[in-house]
Amino acid sequence: MLHSLEPISVSSFFYCGQNTDISPIGQFHHPEFILIGDRVTIKEDYCIQSTVQDSLPVPKIIIGDGCRCEQGFTLQAINRIEIKPRVSIGSNVSISDARHEYRQVGLPVLAQGWMDGTGEVIIGEGTQIGDGTVISGNVRIGKHCVIQPGSLVEQDLPDYCVAGGSPAQILQQELPIPEQETTGWSQESGTPESTPLLSICIPTYNRAANLDQCLSSIFSQLQDDNQVEVIVCDNASTDATPQVIARYASRYPCLRSFRNSLNVGADRNIYLVAQLAKGKFIKWHGDDDYFVENSIPTLLDVIQHHMHCGIIYLNVHNHDGQVYTAEGASDYLRTSGIMSTFISGIILRRKDFEQIKEPFRYIDSSLNQAYLQYEILTTNPTFCVVNRRIFNFAGNPPAGYNLGEVVFRNYQSILRHFIGKGLTEEDIGQEKEASLYNYILPWYSEIMNEHAPVVINDFEDIFREFYSEESYFEDILQWIGYVKALAQ
């Protein structure tokens, strides 16, 4: 591992990759919010700053694999800046995801704060940014672009364009270059590095024994490490989870692991582990779900034949073995229903996942993963369905959330966000009834009978709020009362 920084500085980052060369002559502010990939070069006189607005240690600055930043690079993130792999940044380039307020005459600009702290800067893979360029505000720059020296970029730019000027204008747009099957160039071997087909992304917290069995079920099936990478993101576990991860990492090079210094919550950890993926497809996987024997090779074959799909949905409640494609949010809702919230059943195409403009819209709802799927369907409506049970389940009881809040208020809020964007009122009305009878009421009964550590004291009140106009309301209300009485 090559680092120009002192080891104590390297360890303070959220993550700092291998074969990365960072000059010691420069400044990092709040490196715990900064993720730097493999084979990154950052020359001297830099200032890279994450401005802390909350205490959760989720990366706010991401500099991807193989990026090169020349002398005098400055970067300031109020919210989030992501520089994709192999971006080349010239000297004296300045990047910020917000613009300073300036309208109070007589008060120094630096003392006036920011106009907006909710924007993001995303710079696409392989883009070249010329010397002296300024990128400011809520901006997305496409992949394989060329930004001419001295430009001011304050608006989005598409893929494969040449732009320049102040403000920057599109000067030329090229035909797309065929996608390459590499993620970067290895300094050690001098040969291209292959892109994994699949990233199995496991968020985990205090389930060391489950995680051990989960990883065993994965690595017992892997024949070609180049096809699959496994990423484990430990949400500050206090049990033997780090030891379990270290044991597998010492034996399997395709395993990467990350540990949050503080517990950032389930939703953020689920998103974070996917954000770290390098594979063409991202598969979330529960730490207490175990792959059935020979299921991973079968799954890889399905992915190879459905590379155009934005989502591959694993329908574990249907075992007829069918694999088929369909299109659109309405069909996806009818197919998956509320099981779109089951992380182990979801596989996303990474390039579609990375195009989501507001990935945190429903963060901390316990269902952000469902929102991300429907966002993908707005740009790539084709999805694949696999009717196979490819997991065994540990059966851990649910814990730590408010059932009614999640399955009624949060779920329906996410669906209603997509009315007019693929879903209709009729779609949602049908799903309200189907999810209630097929899943929510059985879950409620099980939680009540087993006294699981889930908040259910306001379940009836929230049910009234969302179902009082339905024809079946009184029957279900009576049933809820009956279940409550039996459980007491």
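Looking only at residues in segment 425-465 that are more than 18 Å from Leu486 (Cα to Cα), touching a helix residue (DSSP H, G or I) at 6+ places or on another chain (Cβ under 8 Å) and hydroxyl-bearing (Ser, Thr, Tyr), which one is surrounded by the most Cβ atoms within 10 Å (Cβ to Cβ)?
This residue is Ser435.
Would you mind finding the one in Ser257, Ser250, Ser261 that is under 28 Å from Gly17 (Cβ atoms) and either of a type in the set (D, E, K, R) or surrounded by 18 or more Cβ atoms within 10 Å (Cβ to Cβ) (or both)? Spell out how you get there, then give the answer.
On the way: Ser250 fails: either of a type in the set (D, E, K, R) or surrounded by 18 or more Cβ atoms within 10 Å (Cβ to Cβ) (or both); Ser261 fails: either of a type in the set (D, E, K, R) or surrounded by 18 or more Cβ atoms within 10 Å (Cβ to Cβ) (or both).
Ser257 is the lone residue from the list that is under 28 Å from Gly17 (Cβ atoms) and either of a type in the set (D, E, K, R) or surrounded by 18 or more Cβ atoms within 10 Å (Cβ to Cβ) (or both).
Just to verify a result, which residue in segment 106-133, among those that are surrounded by fewer than 18 Cβ atoms within 10 Å (Cβ to Cβ), modelled with pLDDT of 70 or more and in contact with a strand residue (DSSP E or B) (Cβ under 9 Å, 6 or more places away or on another chain), is farthest from Ser166 (Cα to Cα)?
This residue is Gln128.
Working only within segment 219-273, note down all residues that are polar (S, T, N, Q), in a loop (DSSP other than H, G, I, E, B) and more than 19 Å from Glu32 (Cβ to Cβ).
Answer for segment 219-273, where residues must be polar (S, T, N, Q), in a loop (DSSP other than H, G, I, E, B) and more than 19 Å from Glu32 (Cβ to Cβ): Ser220, Gln221, Gln223, Asn226, Gln227, Thr238, Ser250.
Hey, can you tell me all the residues within segment 422-436 that are touching a residue at least 60 places away in the same chain (Cβ under 8 Å), touching a Phe, Trp or Tyr at 6+ places or on another chain (Cβ under 8 Å) and of a type in the set (D, E, K, R)?
Passing the criteria: none in range.
Matching residues to (1) assigned by TED's automatic domain parsing to the domain that holds Phe360; (2) under 23 Å from Asp352 (Cβ atoms); (3) without any contact (Cβ under 8 Å) to a residue 24 or more places away in the chain; (4) in contact with a Phe, Trp or Tyr (Cβ under 6 Å, 6 or more places away or on another chain):
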site: Tyr205; (1), (2), (3), (4): yes, no, no, no
site: Ser250; (1), (2), (3), (4): yes, no, yes, no
site: Asn269; (1), (2), (3), (4): yes, yes, no, no
site: Asp288; (1), (2), (3), (4): yes, no, no, no
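For segment 274-325, list the strands (runs of 3 or more DSSP E) that sit wholly inside it and hold at least 3 residues that are over 15 Å from Ile376 (Cα atoms) and of a type outside the set (A, V, I, L, M); which are they? Even if it seems obvious, please write down each step before you answer.
On the way: elements: 281-284, 289-291, 311-314.
Those strands (runs of 3 or more DSSP E) span 289-291.
Name the single residue that is farthest from Ala399 (Cα to Cα) among those in segment 449-483 being part of a helix (DSSP H, G or I), of a type outside the set (D, E, K, R) and under 33 Å from the mean Cα position of the chain (by Cα).
So, considering only residues that are part of a helix (DSSP H, G or I), of a type outside the set (D, E, K, R) and under 33 Å from the mean Cα position of the chain (by Cα), the one farthest from Ala399 (Cα to Cα) is Tyr467.
The values are calculated or read from the model by the stated rules, or taken from the named source; none is laboratory data. Here the structure is a predicted model, which is why all the values come from computation and not from measurement. Neighbour counts are summed over all protein chains in view; Cβ atoms, including those assigned to glycine, are modelled from backbone coordinates with ideal geometry.
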